[in-house]
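Please read the structure below before turning to the comments.
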Amino acid sequence: MATELGPTPVKAPASGGTPVHHAPKGVGEDNRIASQGRWASWLLAPTIIALGIVIVYPIISAIVMSFQKDAGLDPATGLFTAGGPAGIQNYVNWLAQQCSAPAGGTVACPPGTLGGQFWSATATTFFFTVVTVAFETVLGFWMAMIMAREFRGRSLVRAAVLVPWAIPTAVTAKLWFFIFAFEGIANKLFNTTILWTGSEWPAKWAVVIADVWKTTPFMALLILAGLQMIPAEVYEAAKVDGATAWQRFRLITLPLVKPALMVAVLFRTLDALRMFDLPYILTGGANNTTTLSILVINQIRQGFNAAAALSTITFIIIFLVAFIFVRFLGANVVEQSGATGKGKK
């Protein structure tokens, strides 16, 4: 109903008197909404402040540190220096893989030094991310399709699938370390003599296998949630129209589950880009399995400010990947939720 713009006069009593004017309709409702908004702001304020302290302050502090020199011995004079402003030199050193020269200035970092591992660590990080997320998406989709069906013991299967994901990553890494040992289960089972953690590509695939085993249930759980949002009537109507199983999967399942699938891929991609504990425990970062997160931790032992610059670069890389997913690949859970809500009205 439309709200009247002006006050509505009411007839005066029989004894006479001035007509009474009521407040416009909707004013009380607006005041109630405004009051609720103020209460919501007060209730959210402590949480926002806590998030600012826990998240925003460390980020700003790391960025400020990244523009400072690390304290240490000056290679030109041999004297101790307390650091000082460095401008963007820390970023240039990482991106150009430059190290301080004994006579002053910078030179190309020798192979094997931390400064000379930036681009190889970046390539390794993206290799682990692309390969693990691809395998986990395919296997997770397959597992979700199975768990979405009606069968006896489905609840038990769903609970059992989540066991690898529930195990702490450090425990998972140590478990697979023993499996991939030279005298471990993997070589015994396949009758091989592979040095899984002693050479480059076996070590990389060992990390991939361990990560896929642990994190595929996470993908399956998120995709399963998307599958359960698809109405059963849609599949029944497609069957009546004579659609095959492949046509139902391609024309119904994939389009309708895409929002949940893209959000799952986004979450898993961001998690894989900061992978640290699994390769660190399984291989120690040896044999070209050093990720950006491992490189940051190793650099902290030599200089906090240079490590802050590297962590800022890592943050920017992860932010750009997230932006690409949200802006161009449709992994925007907020917009999808809003569209779903409008569709239900």
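The values are calculated or read from the model by the stated rules, or taken from the named source; none is laboratory data. Quick caveat: nothing in here was measured; it's all calculated off a predicted structure. Neighbour counts run over all protein chains shown; Cβ positions are idealised from the backbone, glycine included. Protein only, heavy atoms only, side chains kept; ligands, DNA and RNA dropped before computing areas. Shrake-Rupley method; radii C 1.70, N 1.55, O 1.52, S 1.80 Å.
What do you reckon, is TRP246 among the hydrophobic types (A, V, I, L, M, F, W, C) and surrounded by 14 or more Cβ atoms within 10 Å (Cβ to Cβ)?
Considered against the rule, which asks whether it is among the hydrophobic types (A, V, I, L, M, F, W, C) and surrounded by 14 or more Cβ atoms within 10 Å (Cβ to Cβ), TRP246 comes out as no.
Go over the candidates MET219, MET229, MET275, MET262 one by one and state the one that is under 25 Å from PHE178 (Cβ atoms), touching a residue at least 24 places away in the same chain (Cβ under 8 Å) and of a type outside the set (S, T, N, Q).
The conditions single out MET275.
Output the helices (runs of 4 or more DSSP H) that fall wholly within region 125-227 and possess 3 or more residues being under 19 Å from the mean Cα position of the chain (by Cα), at positive phi and exposed (fewer than 15 other Cβ atoms within 10 Å of the Cβ), or say none.
Per the criteria, no element qualifies.
Could we say that ALA96 is aliphatic (A, V, I, L, M), surrounded by 12 or more Cβ atoms within 10 Å (Cβ to Cβ) and modelled with pLDDT of 90 or more here?
yes
Is it the case that region 297-307 has a residue that's of a type in the set (A, V, I, L, M, F, W, C), at pLDDT 90 or above, outside any loop (DSSP other than H, G, I, E, B) and surrounded by 21 or more Cβ atoms within 10 Å (Cβ to Cβ)?
Yes, because at least one residue in region 297-307 is of a type in the set (A, V, I, L, M, F, W, C), at pLDDT 90 or above, outside any loop (DSSP other than H, G, I, E, B) and surrounded by 21 or more Cβ atoms within 10 Å (Cβ to Cβ).
List every residue pair whose Cβ atoms sit under 6 Å apart, with the two residues 6 or more apart in sequence or on different chains, where the first one lies in region 131-157 and is within 15 Å of ALA264 (Cα to Cα) and the second, anywhere, is open to solvent by less than 60 Å² (accessible area, probe 1.4 Å) and of a type in the set (D, E, K, R).
Qualifying pairs under 6 Å: THR132/ASP211; VAL133/ARG268.
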